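Colleague: Here you go, one structure.
The values are calculated or read from the model by the stated rules, or taken from the named source; none is laboratory data. These numbers come from a predicted model, not from an experiment. FYI the Cβ positions are ideal-geometry reconstructions off the backbone, even for glycines, and counts take in every protein chain you see.
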Amino acid sequence: MVKVVYEVVPHDGGWAYKLEDVYSEAFPSHSEALEAARIVAAEQQVGGDSAEISWQDAQGKWHEEYAEGGDRPETEVVDVFAKSRSPEVSPEP
């Protein structure tokens with residue numbers, strides 16, 4: 001299973017969450033960025049419809065594949081500021 005880790009970090013004079021090297025918009029406060037990261041992580045857990053998808057890798061090559069709607073990654077939010085990890089996010093019933 002794939003694991004997606006969002007990190008909450010200082011960014012552009014405020015705070016942001018990031019996934020690997022990609023940052024969200026900047027938030028004025030740490031708590032707003034942390035809440036946004038938790039929301040995004042929870043949304044990753046929501047299944048959708050299966051579909052054909054296209055995506056571009058880091059080298060610029062395009063790929064096409066079938067994405068199963070119920071195949072969702074495990075998610076985690078890491079709060080660099082607090083140097084602690086939040087409980088793993090799971091969807092609300």
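Colleague: Kindly indicate whether any position in the range 56-66 is modelled with pLDDT under 80 and not hydrophobic (A, V, I, L, M, F, W, C).
Modeller: Checking the range 56-66: not a single residue is modelled with pLDDT under 80 and not hydrophobic (A, V, I, L, M, F, W, C).
Colleague: Let me ask something additional. Filtering the range 34-64 down to residues that are part of a helix (DSSP H, G or I) and in contact (Cβ under 8 Å) with a residue 24 or more places away in the chain, which residue is surrounded by the most Cβ atoms within 10 Å (Cβ to Cβ)?
Modeller: Filtering first and then ranking leaves A37.
Colleague: Hey, another quick one. Among the residues of the range 4-33, how many are out of contact with any Pro (no Cβ under 6 Å at 6 or more places or on another chain), of a type outside the set (F, W, Y), assigned to a strand (DSSP E or B) and within 14 Å of V78 (Cα to Cα)?
Modeller: Looking only at that region, the number is 8.
Colleague: Would you confirm, using the coordinates I've provided, whether K83 is at pLDDT below 95, of a type in the set (K, R) and in contact with an Asp or Glu (Cβ under 6 Å, 6 or more places away or on another chain)?
Modeller: For K83, the condition - at pLDDT below 95, of a type in the set (K, R) and in contact with an Asp or Glu (Cβ under 6 Å, 6 or more places away or on another chain) - is not met.
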